[in-house]
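Asks: To start, I am sharing the structure in question, which I have written as structure tokens.
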Amino acid sequence: MSPVAAKGSRVAVLYTSVFEAIRDVKEEIREDMDLAITAKSVTETLRTAGNDAWAHAFGKDPEELISRLRSSGAEAVFNLSECPDLKPEKELHACALLELLHLPYTGNGPLALGICNSKALSKQLMIANAIPTPRFRHYAGDPAGEPGLPYPLVVKPANEDGSAGITEESLVADLAGLRRQVKALREGFRQDSLVEEFVDGREFNVGVLGNGTAADPHRSLPPAELVYRNPRWRLCTYESKWDSTHPSYAEIAAVCPAEASPETATQLSEITLACARVFGLAGYARVDFRMNAGGELFVLEVNPNPDISPDAGMARAARAAEISYPDLIAEILRLGLALGAR
């Protein structure tokens with residue numbers, strides 16, 4: 001696939017500061033996560049491709065943002081906003097605002113972002129559409145009794161991404177552990193808990209591009225596998241993703257393309273495309289999987305607008321499909337422009 005580069009557009013690269021929004025982690029981790037860095041990479045890439053691009057922070061004053069976007073003459077917005085008003089749950093409000101301003105923007109719309117922000121709602125939608133996903137329970141308070149699911153179970157915040165709130169202690173073996181983790185998330189994240197069956201097997205993820213239209217159908221990228229080099233680690237935790245000083249950081253590594261049989265690769269692609277259709281994904285996204293000992297695949301999460309920094313998984317999968325980073329950024333912009341004002 002050869003993306004058609006979008007050139008000559010006036011593009012505001014809109015981002016929110018993860019560094020400011022996440023205060024309870026080490027400063028160096030916040031710096032690595034900060035979208036200002038990704039915004040700089042995207043802006044420079046767009047400029048090199050012949051666009052008039054500039055980075056703009058989504059600050060605390062929406063009126064100021066509206067005024068600056070209008071006065072700048074932006075023709076489109078490359079949307080990297082994840083936490084307007086320093087709140088991750090408000091991610092969908094950024095593109096909703098852009099829709100009210102009738103500005104074309106990149107990536108997914110408010111509905112897909114809102115649904116995927118709710119892990120329980122996402123799983124209910126998968127179940128309703130026969131997309132395989134681990135069985136689960138949703139807890140707004142302390143579990144009154146046994147969940148009716150076989151242990152071990154994974155306990156996650158119900159409305160977070162980036163593996164926030166997930167540690168090795170998130171894998172629980174009994175009711176006491178379940179209650180401990182639910183309480184920890186309620187106190188530490190002020191959130192409900194999603195509790196699901198642990199699928200103890202290989203872990204994959206698949207990127208997807210496209211708008212789901214006749215002109216730009218969804219298309220999957222080569223699958224990647226998270227390889228657990230040490231059996232000590234069983235989950236892709238927050239530390240294994242972001243903390244380079246944690247031992248799991250070097251022992252859980254992404255391999256792309258994954259060493260998967262043609263049958264597994266086909267199934268991964270088919271389920272990914274089914275998720276893209278059901279969730280109404282646009283632009284770019286990623287679907288995360290686990291495989292059990294019998295070779296069955298289960299969707300863990302659907303991630304609209306995943307990290308697109310040059311060293312992130314989406315860019316790695318694009319390279320495996322012979323799409324360079326500049327071409328990936330150009331294609332994401334083109335897909336946004338193709339949808340026009342939404």
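The values are calculated or read from the model by the stated rules, or taken from the named source; none is laboratory data. Keep in mind that what you see is a predicted model, and the values were worked out from it rather than measured. Note that we place each Cβ from the backbone using ideal geometry, even for glycine, and neighbour counts take in every protein chain shown. The protein model used for the area step is the full one, side chains on, heavy atoms only, and it has no ligands, DNA or RNA in it. Shrake-Rupley method; radii C 1.70, N 1.55, O 1.52, S 1.80 Å.
Asks: Quick one: which residues, 5+ away or cross-chain, put their amide H under 5 Å from the amide H of residue 283? H built at 1.01 Å from N.
Replies: Distant-sequence amide H within range of residue 283: 210, 211.
Asks: Roughly what % antiparallel, to the nearest 5, for the DSSP beta bridges in the chain?
Replies: Around 75 percent of the beta bridges assigned by DSSP in the chain are antiparallel ones.
Asks: Hey, another quick one. List every residue whose amide H lies under 5 Å from the amide H of residue 192, counting only residues 5 or more places away in sequence or on a different chain, with H placed 1.01 Å from N in the peptide plane.
Replies: Placed amide hydrogens put 158 under 5 Å from residue 192.
Asks: Between residue 66 and residue 101, with labels modelled 7 Å along Cα→Cβ, what's the label distance in nm to one decimal, could you check?
Replies: 1.0
Asks: With the other protein chains left in place, how much accessible area per residue, in square angstrom, belongs to the chain at a 1.4 angstrom probe?
Replies: For the chain, the solvent-accessible area averages 44 Å² per residue.
Asks: Once you have a ≥ b ≥ c as the square roots of the Cα gyration tensor eigenvalues for the range 58-97, tell me rounded if a/c is under 1.5, and otherwise prolate or oblate according to whether a/b is larger than b/c.
Replies: oblate
Asks: Could I ask something else about it? Would you mind telling me which residue in 67, 41, 220 has the biggest mean-square fluctuation in a Gaussian network model of the chain, where springs connect alpha carbons within a distance under 10 angstrom?
Replies: Residue with maximal mean-square fluctuation among 67, 41, 220: 67.
Asks: Which FRET efficiency, nearest 0.05, do residue 146 and residue 190 yield, Cβ-Cβ r, R0 30 Å?
Replies: The value I calculate is 0.75.
Asks: Straight-line reach only, C-alpha to C-alpha below 18 angstrom: list the aspartates and glutamates that residue 7 could link to, leaving out same-chain residues fewer than 8 apart.
Replies: By straight Cα distance, residue 7 reaches 44, 52, 75, 327, 331.
Asks: When a/c reaches 1.5 or more, the comparison of a/b and b/c decides; with that in mind, is the chain rounded, prolate or oblate per its Cα gyration tensor?
Replies: Prolate shape, in that a/c is at least 1.5 and a/b is the bigger ratio.
Asks: In addition: Any chance you could run the full-extension gain for residue 175 through residue 75? It's 0.36 nm times the residue separation minus the Cα-Cα distance, nm to one decimal.
Replies: 30.6 nm
Asks: Right, something else. How high is the relative contact order of the chain, in percent, with contacts defined as C-alpha pairs under 8 Å that are six or more residues apart?
Replies: Rounded, it is 21 percent for the chain.
Asks: For the pair residue 229 and residue 36, how long in nm is the line joining their label points, each one 7 Å along Cα→Cβ?
Replies: Between residue 229 and residue 36, the simple spin-label model gives 3.3 nm.
Asks: Right, here's the next one. Residue 251 to residue 311: extension gain in nm, 0.36 nm per residue of separation minus the Cα-Cα distance?
Replies: 19.9 nm
Asks: Need the list of lysines near residue 60 for cross-linking: C-alpha distance under 30 angstrom, and skip anything on the same chain fewer than eight residues off.
Replies: 26, 40, 87, 90, 119, 156, 241
Asks: Extending each Cα 7 Å along its Cβ direction at residue 261 and residue 341, get the distance between those two points in nm, one decimal.
Replies: Each label point is offset 7 Å from its Cα along the Cβ direction, giving 5.3 nm.
Asks: Going by amide H atoms built from the backbone, whose H comes under 5 Å of the H on residue 135, apart from near neighbours?
Replies: Amide H neighbours of residue 135: 197.
Asks: Which whole-number percent gives the relative contact order of the range 266-342, counting Cα pairs below 8 Å spaced six or more residues apart?
Replies: 21
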